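Every number here is computed from the coordinates shown, using simple stated rules; none is lab data. Keep in mind that what you see is a predicted model, and the values were worked out from it rather than measured. Don't worry about glycine lacking a Cβ; one is built from the backbone with ideal geometry, like all the others, and counts go over all protein chains shown.
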Amino acid sequence: MSSASTSIVRVICAGVIIGLAASSGYGQSPTLGDVAKKEAERRKAQPPAGKVYTNKDLPASAQKPAPPAAAPETPQAVDPVAAAAAEQRPEEPKPEGPQKDEAWWKTRITQAREELRRNQMFAEALQSRINALTREYANPISGPRRRVVGEQRVEAVNELSRVAQEIERGKAQVAEIEEEARKAGVPPGWLR
């Protein structure tokens, strides 16, 4: 904070303390709404401390990120045969991939996390079903019903095993995306 801001804060605090002390002597304390109204009136009466700059105040060229600086070129010996061959070759088109901006990263990490979350919820549901089938199987039930419950329980356990593998792959995928973003210099806020 600047010294002007600090002194303003001190004056405000002193005014609030004096106001509270004075009002407590009369047996009534001002409500929070009264204090807020007085503070709003005081701010309107006091001129602003300085200009607040926003992106709208900047020229258009300052709002765009600067292009990366080119490395200084060092003179190299030119092979005339290679130069002639290079001039005769048509220029290859550059492959156009997705533009890796904030939206691209957010979409990618959100999809991976959402898939992981769905698999985790499915695993919890499967575990609840397995628990219910286990309780039913342990209770005295007729032979044919017991066989059906046993088969359903085995199927649910196998499905839970498959989903657990999907969860591990999903965790690895999220970690991989986060590591790739870190190496690419992506701001952490893009992955939230």
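Projected label points at ALA184 and LYS38, each 7 Å from Cα along the beta carbon direction, are separated by 5.5 nanometres.
What the phi angles of region 179-192 give under the Karplus curve with 6.51, -1.76 and 1.60, with θ = phi - 60°, is a coupling list of 5, 4, 5, 4, 5, 7, x, 6, x, x, x, 6, 9, 9 Hz, glycine and proline written as x. In plain terms, the chain from GLU155 to ALA172 could stretch by 3.5 nm, reckoned as 0.36 nm per residue minus the Cα-Cα distance.
Modelled this way, with points 7 Å down the Cα-to-C-beta line, the labels at GLU114 and VAL9 are 4.2 nm from one another.
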